[in-house]
Amino acid sequence: MSVSWGYTQQNGPQKWPEMFPQARGQRQSPVDITTSKTQHSGDLQENPLRWTYVPENTRSLVNPGYCWRVDVNGKGSLLTGGPLQNEKFILEQFHCHWGCSDSRGSEHTVDGESFAGELHLVHWNQSKYKSFAEAAGHPDGLAVLGVFLKVGKPHPELDIIARLLPFITHKGDRVTLNKPLDPARLLPEGKAYWTYLGSLTTPPCSESVTWILFKEPIEVSHEQLELFREMRCYDAAEECPCDETLNKQFEYGKVINNFRPPLELGNRQLREVDSY
């Protein structure tokens, strides 16, 4: 039986180290990006980050109980360059984290500032490993592109997802995407980024991620975020785990505040690359 985790006081991030030993590690994510402590890296500048995605290979939208997630057939996708050097990573899935209001929701913060949400495009190292599961067990196995969300105009690519969310209200619900969705259009125009070595931000918190966080956020509308907040964290056959004593925000079993707070960077190097 799998251990049940979530974002309430009973099973949230503060409890994860008791359930998942890796969550106690020294290479955990997210972190606060303290811009005064970042280091410019000329070698990264000389080997630009490059990506290719196949919109037709974005397959289905699922509610795993703690976010929305788009599963991808990684064939034809490629992420390479920058801190990944010449190794080839392919896209496995992408998902999102958000808050109960437009002023919070991102996992990483910048000089202590939160954003309305954070997108994660999760890739695995095809140059060295045979599967996502195998790659997740190695320190150089995964690469995640992180994109901050700020409130503004509606995002057209995210709108494809937002319009389908009412069909995956409950945990375990899944729908096939009704039109191709291009992951490249979820990335900002500016290509400046921060990078460091970290972990998955959800259990088991495997310390296998090279993080690449774009400095420039993308815009989403308040209405799109409100559709995210209508998702439920429980199965349609279950009773709502509503409990006002837990936290008013979890009263209706909604998926909100599904972010892990920043952890200590410790002695890890935080590097940055300007736009190229």
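The values are calculated or read from the model by the stated rules, or taken from the named source; none is laboratory data. These numbers were taken from a predicted model, which means no experiment stands behind them. When we count neighbours, we look across all protein chains shown, and the Cβ atoms used for this are built from the backbone with ideal geometry, even at glycine. Just the protein is used for accessible areas: all its heavy atoms, side chains included, with ligands, DNA and RNA removed. Shrake-Rupley method; radii C 1.70, N 1.55, O 1.52, S 1.80 Å.
Computed quantities for the displayed model
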read-out	value
Computed [θ] at 222 nm, helices only, for the chain once each DSSP H run of length n ≥ 4 contributes -39500 (n - 2.57)	-2000 deg cm²/dmol
The chain: antiparallel DSSP beta bridges as a percent of all, rounded to 5	75 percent
Accessible area (Å², per residue) of the range 13-271, counting only protein heavy atoms and a probe of 1.4 Å	44 Å²
Farthest positive-ward along the range 1-109 dipole, Cα basis, beta-carbon charges - from GLY42, PHE94, GLN28	GLN28
DSSP-assigned coil residues among trypsin sites (Lys or Arg not before Pro) in the range 18-79, each with at most 14 further Cβ atoms within 10 Å	LYS75
Contour minus Cα-Cα distance for HIS170 and LYS37 (0.36 nm per residue)	43.7 nm
Rg/Rh ratio calculated on Cα atoms of the chain (Kirkwood radius)	0.94
Positive-end residue, the range 50-179 charge dipole about Cα centroid, Cβ charges, pick of SER103, PRO64, HIS120	PRO64
Share of carbon and sulfur in the accessible heavy-atom surface of the range 13-271 [1.4 Å probe, %]	49 percent
Magnitude of the charge dipole, the chain, Cβ model with Lys/Arg +1 and Asp/Glu -1, debye to 20	480 debye
The chain: relative contact order as a whole-number percent, Cα under 8 Å and 6+ apart	26 percent
For the range 24-75, size of Cβ-based charge dipole, Lys and Arg +1, Asp and Glu -1, in debye	220 debye
Two-decimal Rg to Rh for the range 126-276 - Kirkwood Rh, Cα set	0.99
